[in-house]
Structures are given as structure tokens and as C-alpha cells.
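Undergrad: One structure coming up, written as C-alpha cells, with questions to follow.
The values are calculated or read from the model by the stated rules, or taken from the named source; none is laboratory data. Because the structure is predicted, anything quoted here is derived from the model rather than measured. Counting neighbours? That spans all protein chains shown, and the Cβs are built from the backbone with ideal geometry, glycine included.
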Amino acid sequence: MAATAIKNHLPSALLPHHRESSPPKDDPKPLQKQSTQEIHEEREQEKRLVSQWEDHKLALSPSQVSQAPSQKQVGQSQRHLRCEDFDLVKTLGTGTFARVWLARLANAKREDRDKVFALKILRKVDVIRLKQVEHVRNERNVLAVVAGHPFITTMVASFQDQDSLYILLDYCPGGEVFSYLRRARRFNEHTSQFYAAEIVLVLEFLHEHEGVAYRDLKPENILIDAEGHLKLVDFGFAKKVDDRETYTLCGTPEYLAPEVIRNTGHGCAVDWWAFGILVYEFLVGQPPFWDQNPMKIYEQIVAGHVRYPSAMSPDARSLIAGLCTVDVSKRLGNIKGGAKTVKQHPWFKGTDWDALYHRRVQGPIVPHLRGPADTRNFDEYDPEPEGREPYTEELRQRWDASFADF
């Protein structure tokens, strides 16, 4: 059994993964040339929209989130915004072809000085060299579609310049759930239920409103915001599958569903399996299937025998058993009723799903912060290397049309 699984070891879960390519779209029609004054006015307007997005942030319903980005305050491509419109404060994470910065608007007005963002910068030449053009485009477009969901990282805007692509995201100062879980060793039942319930709302939206399989659910890809709520990040593996099956082998070994390992075709049901693994790791402190040799992990997963600690509640065991069912047709969340069958499980008894969605319930872990720009929950990184390969005129002529989405 040959399998390729990708584990993201980066401390920041804001970075894209590698995955399969898809054909590029048709080249866009050329834009009419604008005057310098018109460009300046539009650029200032784009900066105002970015500075004000949180002032207008509302609890959008799933149908409102699903609107085209042009109909929303967030998720839009900005034609004139540039990197120099931001002060880059500190690196939050690095990857093969991306670096994420804590950023704030340059020369901001007094009322905007505390407004910060996570700015993901992707160098075009590296994206091309690593054959990630379609992958990066896809991630940007998925983030645009889901922008505004209360528990998914918000893409405030995207833009580009001669050398780089930019994705401007809301900043989650609490850092990764993974870090809190390791410090606490395990979460108590209440904390586990609260954060699991928020993930259920995310999966319900992705699957039933967008037909998107997330495909990389794990604590490292979940951040905590300033109010103690979750934000799912890193949509590098997300794929719109609807009712079709896909055969890409991707994910993190401990969280892979049996059908992914067997390469028999998979869909959104893989997220419900991974959700069961996540709940187990919340409650126990480690996933149920683990070995230093990934192949041993795969063998355990395909066998599907979960061992439960004696202290685990019967309802928690029942939920995990229903989710971590090898037979996809019997897997909780994938059976008739979809996410509703998970929400109605006894383990979630007493959960006010409407209040939870609208963030009216206090999060159990509220990070202690010195201010909006506090970065204590993120690691230190080396400066960006100098002498990087240039994005030449030849590359520009060949590839710029492919980056038109930004």
C-alpha cells in the first residue's frame, strides 16, 4: 500500500499546502487604462474598506456568506492596494513559498492604529517554480466564497503587485488550538464540546452550502481569536466536490480516513472521520491511531478499532464511534440528515446552536492579550533571505494572466 501524506509541521497554520493542479481559466479581458487621479482615489477607497471591515462585521447567515464576494464587505480582489500600504510588524509563520506577517495600515488614522491583520505574502516566482499556481488560485477563491463565516478565517481582501500575491486575513492572536491542547494535555468535556460544536457548524456550511471537502482537519489548523472562538484556517487542501468523488491522496497521517488510504475515492465524509479523531484528541490528548511509522498508522486506521479510555463518557464514545466508522454509508454526518445527525447526538445535548453560530456564547479559552497586536502566542522566525530569484519580464508575460484572480 503506497500512500503519500503531507504533515504540516509549521507553527503557524496560516500557510498553504501542496496539492493537485487543475486547468487554468480563460484569460481575462484587458482593463481600460485609468488616469493617475482615478487610481489614487480607488486606492484610497480600498484602504478605507479594509480599515472599516470589522466595523461593519455582522453575524451573516450561511446563505449570506455564500453570496458572491462582490456582494459582501469581505473577500474581494482589490486592484490598487499594495504592500506599501501596510507596515509589516512581525512574521507569524513561514513556508516554502509564503510568509505570513502581522500587519497594520501604514500612516493609519488614530482610530485605525489598533487594527491589525495577518498578511500572507506569496512570491510569484516561488509559486511558479513549485508548480503551485492553480493551488494558490484555488485557495484564494475558496476563501473568497466562505469569507464572513463566524468560524472560518476571514479573507478581508486579496491583491498583487509585480512580484508577489497577497491575501489579507483577520488576525487571530490566540494562536493554534494545538498549543493549548499540548499545554493542558487534554481538554475537559465542556471545552471539547464547545469547540467541537463550532467545528460542526463549519463542516455543515462547507459541505451542505458549498459542496467543499476541507480535507485537513487537525488542531494545528484551528486558531483561537481574541474572544475565545475558533477560526479554521489553511484551505490548501479544500476542494469543491459536491456529490462527486476525488482520489487525491492528501492530509495528515493520524487524521486520514480509510477511504483516502485505500484510494477508493472520497468526498466530504472524510471530514466527519477527521472530526471524530479531533474530538478524541481533544478529550484524550492524542489521536487514537498513532505510530512513529506512518504505514503502521494507516494499518490501524483501515482496521478501524478505536480504544477508549475508561474515563471517557458513554456519549463521547458513541459520538466518536459513529464518526470513525470505516463504512462511509454508515458514518455519522454522512448518513441521511447530514450534519443534523451530528448536532442531534446526545453528546451535544443542551447546545444552543443558534446562539453558538452568532457568537453569543462565551468561549472557554480567552487568550490573555496586551493588545490587538500581541504576538506572544506565535514563534520567532529568521528574517527573510536576501537575493531571491527575480520575477522577470518573460515570467510576467507568461504567467500574469494566471494571477488575475488576485
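Undergrad: Being among the small types (Gly, Ala, Ser), outside the structural domain of Lys115 (by TED's automatic domain parsing) and at pLDDT 90 or above narrows it down to one of Gly236, Gly228, so name that one.
TA: Just a single option satisfies the conditions, and that option is Gly228.
Undergrad: May I pose another question? Need the failing condition index for Leu168 against (1) assigned by TED's automatic domain parsing to the domain that holds Ile128; (2) modelled with pLDDT of 95 or more; (3) more than 30 Å from Arg398 (Cα to Cα), just the number.
TA: Against the list (1) assigned by TED's automatic domain parsing to the domain that holds Ile128; (2) modelled with pLDDT of 95 or more; (3) more than 30 Å from Arg398 (Cα to Cα), Leu168 comes up short only on (3).
Undergrad: Working only within region 182-193, note down all residues that are crowded, with 21+ Cβ neighbours inside 10 Å and not small (Gly, Ala, Ser).
TA: Across region 182-193, the qualifying residues are Phe187, Gln193.
Undergrad: Can you pull out every residue in region 214-230 that is out of contact with any helix residue (DSSP H, G or I) (no Cβ under 9 Å at 6 or more places or on another chain) and buried (at least 23 other Cβ atoms within 10 Å of the Cβ)?
TA: Those that are out of contact with any helix residue (DSSP H, G or I) (no Cβ under 9 Å at 6 or more places or on another chain) and buried (at least 23 other Cβ atoms within 10 Å of the Cβ): none in region 214-230.
Undergrad: Given the condition within 26 Å of the chain's Cα centre (by Cα) and surrounded by 10 or more Cβ atoms within 10 Å (Cβ to Cβ), answer yes or no: does some residue in region 383-396 qualify?
TA: Looking for residues that are within 26 Å of the chain's Cα centre (by Cα) and surrounded by 10 or more Cβ atoms within 10 Å (Cβ to Cβ), one finds at least one in region 383-396, hence yes.
Undergrad: Whether any residue in region 110-127 is assigned to a strand (DSSP E or B), within 15 Å of the chain's Cα centre (by Cα) and small (Gly, Ala, Ser) is what I want to check.
TA: Yes.
Undergrad: Does His190 satisfy being assigned to a helix (DSSP H, G or I) and within 24 Å of Trp53 (Cβ to Cβ)? Before you say what the answer is, go through the steps one by one.
TA: Working: assigned to a helix (DSSP H, G or I): yes; within 24 Å of Trp53 (Cβ to Cβ): no.
The answer is no for His190.
Undergrad: Return the residue satisfying two criteria in turn: it lies in region 247-269 and is in contact with a strand residue (DSSP E or B) (Cβ under 9 Å, 6 or more places away or on another chain) and surrounded by fewer than 17 Cβ atoms within 10 Å (Cβ to Cβ), and of such residues it is modelled with the highest pLDDT.
TA: Looking at the filtered set, the residue picked out is Gly265.
Undergrad: Right, another one. Filter region 80-99 for residues that are among the aliphatic types (A, V, I, L, M) and over 23 Å from Ala404 (Cβ atoms); which is surrounded by the most Cβ atoms within 10 Å (Cβ to Cβ)? Don't jump to the end; show me each part of the working.
TA: Taking region 80-99 first, the residues among the aliphatic types (A, V, I, L, M) are 81, 88-89, 92, 98.
Then keep just the ones that are over 23 Å from Ala404 (Cβ atoms); that gives 88-89, 92.
Values: Leu88: 16, Val89: 15, Leu92: 26.
Of everything passing the filter in region 80-99, Leu92 is surrounded by the most Cβ atoms within 10 Å (Cβ to Cβ).
Undergrad: Of the numbered conditions (1) over 20 Å from the mean Cα position of the chain (by Cα); (2) surrounded by 14 or more Cβ atoms within 10 Å (Cβ to Cβ), Gly75 satisfies every one except a single condition; which is it?
TA: (1)
Undergrad: Return yes or no: is Arg359 basic (Lys, Arg), surrounded by 14 or more Cβ atoms within 10 Å (Cβ to Cβ) and in a helix (DSSP H, G or I)? Steps first, please.
TA: Details: basic (Lys, Arg): yes; surrounded by 14 or more Cβ atoms within 10 Å (Cβ to Cβ): yes; in a helix (DSSP H, G or I): no.
For Arg359, the condition - basic (Lys, Arg), surrounded by 14 or more Cβ atoms within 10 Å (Cβ to Cβ) and in a helix (DSSP H, G or I) - is not met.
Undergrad: Restricting to region 119-145, name every residue that is among the acidic types (Asp, Glu) and surrounded by 23 or more Cβ atoms within 10 Å (Cβ to Cβ).
TA: Glu139
Undergrad: Go through region 147-180 and give me each residue that's more than 26 Å from Phe86 (Cβ to Cβ) and buried (at least 21 other Cβ atoms within 10 Å of the Cβ).
TA: Val177
Undergrad: So, Lys7, is that one at pLDDT 85 or above and under 30 Å from Tyr381 (Cα atoms) or not?
TA: No: the conditions fail for Lys7.
Undergrad: So how many residues does region 261-270 have that are touching a residue at least 60 places away in the same chain (Cβ under 8 Å) and among the aliphatic types (A, V, I, L, M)?
TA: Within region 261-270, residues that are touching a residue at least 60 places away in the same chain (Cβ under 8 Å) and among the aliphatic types (A, V, I, L, M) number 2.
Undergrad: Scan region 50-67 residue by residue and report those that are at pLDDT below 80 and farther than 28 Å from Asn107 by Cβ.
TA: Answer for region 50-67, where residues must be at pLDDT below 80 and farther than 28 Å from Asn107 by Cβ: Leu58, Ala59, Leu60.
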